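I have a structure here, written as structure tokens, and I will follow up with some questions on it.
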Amino acid sequence: MLYTSLTDAELWNAVRNNDEVAFTALFDRYWVRLYKLAKGYLKNQETSEELVHDIFLNIWNRRQTLEIESFPTFMLTAARYQVYNRMRAAKPLTLVLGDSHPENEPFHNNEGEDHLIEQELQQELQQYLIQLPKRCQEIFYLSRVKNLSNQEIADSFGVSKRTVENQITVALKHLRSCLKYTSTAVIFFRLLLFRH
């Protein structure tokens, strides 16, 4: 079988059946694009290589449970998620992934499709948010949607800044536990970055 002639979907079906050669073919097909994307943000060769290997290791380990409809979209969101994690670990994040891209980014999104996906994920996010206490929801909304500072929120509710921080932490932990799939988590982080 000539694996290079197979579509992403055909290769992925083979990977799900434990075909290591198909996995290698997908790796070869996407490695350079993912590496360039990561390096465009991280500006570090070793970290970018490690990021790409982590993505593929995760895919292989979860091959039986992952549902991937569009491999390019999945790989792009997985890469952004990994970039976000590394940038956040290194320093406070000031870049909104999804709105700013390195030049010559090797992926081209369908903006209409992205908008629909984002709307669906926002609805999913709302379903998880309503499980939180009302005050926690309100504080989280003011912080992540209205972009108010923790002190501004504290003043408006007549509580301490620490109380606001605690409520936001509770909400984030709850949402992280609900948003288990990478594609959802990436949109979550795009919409609700840590703001202070």
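Counting just the residues of region 146-168 that are farther than 19 Å from CYS178 by Cα and touching a residue at least 24 places away in the same chain (Cβ under 8 Å), which one comes out most open to solvent (accessible area, probe 1.4 Å)?
ASN147
How many of the residues making up region 169-194 are exposed (fewer than 15 other Cβ atoms within 10 Å of the Cβ) and at pLDDT below 50?
Number satisfying all stated conditions: 2.
Considering region 25-61 alone, what residues qualify as being hydroxyl-bearing (Ser, Thr, Tyr) and in contact with a Pro (Cβ under 9 Å, 6 or more places away or on another chain)? Can you show your working first?
Taking region 25-61 as the starting set, the residues that turn out to be hydroxyl-bearing (Ser, Thr, Tyr) are 30, 35, 41, 47-48.
Scanning region 25-61 gives TYR30, TYR41.
Does any residue of region 16-24 turn out to be surrounded by fewer than 17 Cβ atoms within 10 Å (Cβ to Cβ), at positive phi and either in a helix (DSSP H, G or I) or touching a residue at least 24 places away in the same chain (Cβ under 8 Å) (or both)? Let's see the steps before the verdict.
Start the filter on region 16-24 by keeping residues that are surrounded by fewer than 17 Cβ atoms within 10 Å (Cβ to Cβ), which leaves 16-18, 20-21, 24.
If we keep only those that are at positive phi too, we end up with 18.
Imposing the further condition that a residue be either in a helix (DSSP H, G or I) or touching a residue at least 24 places away in the same chain (Cβ under 8 Å) (or both) reduces the set to 18.
Looking for residues that are surrounded by fewer than 17 Cβ atoms within 10 Å (Cβ to Cβ), at positive phi and either in a helix (DSSP H, G or I) or touching a residue at least 24 places away in the same chain (Cβ under 8 Å) (or both), one finds at least one in region 16-24, hence yes.
Here is a follow-up. I'm checking my understanding of the structure. Among residues of region 40-56 that are part of a helix (DSSP H, G or I) and either among the polar types (S, T, N, Q) or in contact (Cβ under 8 Å) with a residue 60 or more places away in the chain (or both), which one is most open to solvent (accessible area, probe 1.4 Å)?
Narrowing region 40-56 to residues part of a helix (DSSP H, G or I): 40-42, 45-56.
Checking which are either among the polar types (S, T, N, Q) or in contact (Cβ under 8 Å) with a residue 60 or more places away in the chain (or both) leaves us with 40-41, 45, 47-48.
On the way: GLY40: 20, TYR41: 28, GLN45: 104, THR47: 45, SER48: 0 Å².
That would be GLN45.
When you go through PHE71, PHE27 one by one, which is the residue that is surrounded by fewer than 22 Cβ atoms within 10 Å (Cβ to Cβ), within 18 Å of the chain's Cα centre (by Cα) and on the phi < 0 side of the Ramachandran plot?
The unique qualifying residue is PHE71.
Return the total of residues in region 129-145 being surrounded by fewer than 13 Cβ atoms within 10 Å (Cβ to Cβ) and part of a helix (DSSP H, G or I).
Number satisfying all stated conditions: 2.
Name the one entry in GLY112, GLY98 that is of a type in the set (Gly, Ala, Ser), under 26 Å from ASN147 (Cβ atoms) and either at pLDDT below 90 or open to solvent by less than 80 Å² (accessible area, probe 1.4 Å) (or both). Talk me through it step by step, then tell me what you get.
Values: GLY112 fails: under 26 Å from ASN147 (Cβ atoms).
Just a single option satisfies the conditions, and that option is GLY98.
The values are calculated or read from the model by the stated rules, or taken from the named source; none is laboratory data. Being a predicted model, the structure only gives us computed values, none of them experimental. Please note: Cβ atoms are built from the backbone with ideal geometry, for glycine as well, and neighbour counts cover all protein chains shown. For the accessible areas, the whole protein counts, side chains as well, though only heavy atoms, and no ligand, DNA or RNA atoms are used. Shrake-Rupley method; radii C 1.70, N 1.55, O 1.52, S 1.80 Å.
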